[in-house]
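Colleague: Here it is: the structure, laid out below.
The values are calculated or read from the model by the stated rules, or taken from the named source; none is laboratory data. Note that the structure is predicted; figures quoted are calculated from it, not measured. Here the Cβ positions follow ideal geometry from the backbone for every residue, glycine too, while neighbour counts run over all protein chains shown. Side chains included, ligands, DNA and RNA excluded: accessible areas come from the protein's heavy atoms. Shrake-Rupley method; radii C 1.70, N 1.55, O 1.52, S 1.80 Å.
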Amino acid sequence: PDTLSMIGSDKTIDYLLKFVKKMENNNNINALLSAFVALGKMKSEKAVIPLVKLMERVRKSDNEMAFRNVLSIFGKIQSEKTIEPLIELMEGMKRSSSYGMLPIVAEALGMISPEKAVNFLTDFMKEIEKSRSNKDLSIVLRALSLVGSEMAVIPILNSLEMCEDDEHLLFAVIGLRLTKSEKTVTPLIKLMEKMERSKNEKILREVVIA
């Protein structure tokens, strides 16, 4: 399938989709993923619906590596048709309070629609800040940092300003570092000066790394 992706014709896409259809009830996930990788390289929107089915299948099987690969293919296709399934997936994680994989879903959505990814995560972060769950907050801050857009910097900075304990502060600093945005330089310098005055060496060390 990977060689076929180099051809990139409609005929090739149709062949790969027939292969996917034939293999959809097969336990050989790797063969299916290889076909989808080829379709992803060709940015085939025809692959979206069967890829969503595969995403649901691998998520239920707890095959984390396959799940990561499927999300990576979503990002390669970069079709607006993938936005709704990815948001629905994040909504499902939010409802079930099972969002350890939220960052990689956000990363995939960020490759297609960073604005929608940031909006969803910003609203979600506001809810978590009210519940004061630092573990959950760390996941959402990481998800924001992986969206791959400077739009994520503002909500992380807002979270930084609301920090009431070192753990929250630490997660916000790490989130800013992961965005790799120049917009974080000034607020991080101000924070570094503040940490120097308060002699908070743990946070100061993270700010310096950032």
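Colleague: Given the Cα-Cα distance of I83 and K18 and 0.36 nm per residue of separation, how much length would full extension add, in nm? Numbers along the way, then the final one.
Modeller: On the way: separation 65, 0.36 × 65 = 23.40 nm, distance 2.43 nm.
Taking I83 through K18 to full extension adds about 21.0 nm, to one decimal.
Colleague: Using Cα atoms only, what is the angle between the long axis of helix 134-146 and the major principal axis of the chain, expressed in degrees (0 to 90) to the nearest 10?
Modeller: That helix lies at roughly 60 degrees to the long axis.
Colleague: Using only helices, what value at 222 nm comes out for the chain when you add -39,500 (n - 2.57) per DSSP H run of length 4 or more and divide by the total residues, to the nearest 500 deg cm²/dmol?
Modeller: Taken over the chain, the calculation gives -23500 deg cm²/dmol.
Colleague: Could I ask something else about it? Which number comes out as Rg/Rh for the chain once both Rg and the Kirkwood Rh are worked out on C-alpha atoms?
Modeller: Values: Rg = 19.9 Å, Rh = 18.5 Å.
Ratio value, two decimals: 1.07.
Colleague: Per 0.36 nm of contour for each residue apart, how much would the distance between A31 and K43 grow if the chain were fully extended, relative to their Cα-Cα spacing? Can you show the working numbers first?
Modeller: Values: separation 12, 0.36 × 12 = 4.32 nm, distance 1.86 nm.
Gain on stretching A31 to K43: 2.5 nm.
Colleague: For the stretch 169-196 and the stretch 87-149, what is the separation of their C-alpha centers, rounded to whole Å?
Modeller: 20
Colleague: While we're here: Scan the chain and hand back the longest stretch that contains none of the GluC sites (Glu not before Pro) lying in DSSP loops with at most 15 other Cβ atoms within 10 Å. Don't skip to the end; give the middle numbers.
Modeller: Numbers: sites that count: E24, E164.
Result, exposed sites excluded: 25-163.
Colleague: With the dipole of the stretch 35-100 worked out from charges on the C-beta (+1 for Lys and Arg, -1 for Asp and Glu) around the Cα centre, which of V58, F36, I87 lies farthest toward the positive end?
Modeller: Final value for the positive-end residue is F36.
Colleague: While we're on this one: Here are some pairs, K81/K183; K41/K126; K126/K183; K135/K180; which of them have Cα atoms lying more than 26 Å apart in this structure?
Modeller: Working: K81/K183 31 Å; K41/K126 37 Å; K126/K183 22 Å; K135/K180 23 Å.
The pairs that break the limit, which is 26 Å between Cα atoms, are K81/K183; K41/K126.
Colleague: Report the charge-dipole magnitude of the stretch 13-117 in Debye, nearest 20, computed about the Cα centre from +1 at each Lys and Arg Cβ and -1 at each Asp and Glu Cβ. Intermediate results must be reported in sequence, preceding the final value.
Modeller: Values: 16 positive and 12 negative charges, 63 e Å.
Around 300 debye, computed over the stretch 13-117.
Colleague: May I ask you to list the lysines whose Cα is less than 21 Å away from that of K130, ignoring any residue fewer than eight positions away on the same chain?
Modeller: Hits, sequence-local ones excluded: K94.
Colleague: For the full complex of protein chains and a 1.4 angstrom probe, list R142, R95, R177 by accessible area with the highest value first.
Modeller: Greatest to least solvent exposure: R95, R142, R177.
Colleague: Mind giving me the nanometre distance, one decimal, between the label points for K130 and R68, set 7 Å out from Cα along Cα→Cβ?
Modeller: That separation, rounded to one decimal, is 3.4 nm.
Colleague: Hey, got the dipole for the chain? About the Cα centre, +1 on K and R Cβ, -1 on D and E Cβ, debye to the nearest 20? Provide the component values of the computation, followed by the final result.
Modeller: Working: 31 positive and 29 negative charges, 113 e Å.
That gives the chain a dipole magnitude of about 540 debye.
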